[in-house]
Amino acid sequence: MTELNLCFVVIDSDGSVNRKMIKRSVPKNDSPLGTALGLLLQGPDTTKSTEKDCMSLIPAGTKLLSARVKDGVAYLNFNEAFEINTYGVEGYIGQLMQVGYTATAF
């Protein structure tokens, strides 16, 4: 087993969007970055107390097409659903934060 860090968001009472890092234990595999991003796209598991107040600002229908790391740089390819965030600018910034913090854990 290995622990992966996933970045979800919480909305505070003042309306501010803040990140919340979650650890998930998963079986080891050859593509931990792809696994972490796949779990991120599934969204928070609200049945777990640590994720109950979390949400994702990544648009529904977003799929990871490919993920690779070369010379310390992560190259991520998502489908077109990733480009349209119905939550506006704040939602777009939040989704980039989620992906960025999840990917940079590697």
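Numerical summary
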read-out	value
Residue in the stretch 95-104 that is over 12 Å from CYS7 (Cβ atoms) and either among the β-branched types (Val, Ile, Thr) or not in a helix (DSSP H, G or I) (or both) present	no
Subset of the stretch 60-80 [part of a strand (DSSP E or B) and without any contact (Cβ under 8 Å) to a residue 40 or more places away in the chain]	LEU64, LEU65, SER66, ALA67, ARG68, VAL69, LYS70, VAL73, TYR75, LEU76, ASN77, PHE78
Of all residues in the stretch 79-96 being touching a Gly at 6+ places or on another chain (Cβ under 8 Å) and within 14 Å of GLY61 (Cβ to Cβ), the one that is surrounded by the most Cβ atoms within 10 Å (Cβ to Cβ)	ASN85
Test: GLY38 is free of Cβ contacts under 8 Å to residues at least 60 places away in the same chain and within 11 Å of the chain's Cα centre (by Cα)	yes
Residues of the stretch 81-106 satisfying the condition of being among the small types (Gly, Ala, Ser), over 18 Å from GLY34 (Cβ atoms) and touching a residue at least 24 places away in the same chain (Cβ under 8 Å)	GLY91, GLY94
Test: LEU57 is over 24 Å from MET1 (Cβ atoms), within 11 Å of the chain's Cα centre (by Cα) and in a loop (DSSP other than H, G, I, E, B)	yes
The lone exception for VAL26 - which of (1) touching a Leu at 6+ places or on another chain (Cβ under 7 Å); (2) modelled with pLDDT under 95; (3) surrounded by fewer than 18 Cβ atoms within 10 Å (Cβ to Cβ) it fails	(2)
Subset of the stretch 30-63 [open to solvent by 30 Å² or more (accessible area, probe 1.4 Å) and touching a Ser or Thr at 6+ places or on another chain (Cβ under 6 Å)]	LEU41, LYS52
Number of positions in the stretch 30-60 that are modelled with pLDDT under 95 and among the polar types (S, T, N, Q)	5
Of all residues in the stretch 12-32 being charged (D, E, K, R) and free of Cβ contacts under 8 Å to residues at least 12 places away in the same chain, the one that is farthest from MET55 (Cα to Cα)	ASP30
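The values are calculated or read from the model by the stated rules, or taken from the named source; none is laboratory data. For clarity, every value in this text was computed on a predicted model and none was experimentally measured. Don't worry about glycine lacking a Cβ; one is built from the backbone with ideal geometry, like all the others, and counts go over all protein chains shown. Calculation scope for accessible area: heavy atoms of the full protein, side chains included, ligands and nucleic acids excluded. Shrake-Rupley method; radii C 1.70, N 1.55, O 1.52, S 1.80 Å.
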